[in-house]
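One structure is given below, encoded as structure tokens.
The values are calculated or read from the model by the stated rules, or taken from the named source; none is laboratory data. The structure presented is a predicted model; accordingly, all values stated were derived computationally and were not measured. Backbone-built Cβ (ideal geometry, glycine too); neighbour counts: all protein chains shown. Quick note on the areas: whole protein, heavy atoms, side chains included, nothing else; ligands and nucleic acids left out. Shrake-Rupley method; radii C 1.70, N 1.55, O 1.52, S 1.80 Å.
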Amino acid sequence: MTKTPETTKTAIAHGNYVRGSASKVRRVLDQIRGRSYRDALIMLEFMPYRSTDPITKVLRSAVANAEHNLGMDPSTLVISSAWANSGPVMKRYRPRAQGRAFSIKKQTCHISISVESAPAKTNTEVQN
């Protein structure tokens, strides 16, 4: 008999219309992708970027979704995927010399993080 693969449960959280450019958020998401929940929180706490606050908020929401909706243990969760897409741009104008106008584009982005339970380590994996 062959074993059927277990379907992995995945919890997702979204943060929409977050102020900040998607490229600046992606550089932080690239650092935490594939890490455990605990490691990611520690990394986000000490990173010097402004985008870490909304990312932390979305990550905590994804873990809360996994814990309450799917009954997963937060200590075993791993960030399976994290991405940021650009949102709408707010356009503002500043007055400049000689009656000209200077456009300012205020970027927004949509952050999505999904977490899933890591496979349990066996005794042979732990010893090696």
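Data overview
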quantity	calculated
Identity of the residue in the range 44-67, among the aliphatic types (A, V, I, L, M) and either in contact with a Pro (Cβ under 6 Å, 6 or more places away or on another chain) or assigned to a helix (DSSP H, G or I) (or both), that ends up farthest from GLN107 (Cα to Cα)	ALA66
Pairs where the first residue, in the range 10-36, is of a type in the set (Ser, Thr, Tyr) and the second is surrounded by fewer than 19 Cβ atoms within 10 Å (Cβ to Cβ) and in a strand (DSSP E or B), C-beta under 7 Å, 6+ apart	THR10/SER80; THR10/SER114; TYR17/THR108; SER36/VAL78
Count of residues meeting criterion [assigned to a helix (DSSP H, G or I) and over 24 Å from GLN107 (Cα atoms)] in the range 29-38	2
Unmet requirement for LEU41, which otherwise passes all of (1) in contact (Cβ under 8 Å) with a residue 40 or more places away in the chain; (2) surrounded by fewer than 17 Cβ atoms within 10 Å (Cβ to Cβ); (3) not in a loop (DSSP other than H, G, I, E, B)	(1)
Residues that are in a helix (DSSP H, G or I) and either in contact (Cβ under 8 Å) with a residue 24 or more places away in the chain or open to solvent by 80 Å² or more (accessible area, probe 1.4 Å) (or both), drawn from the range 68-98	HIS68, ASN69, PRO74, SER75, THR76, GLN98
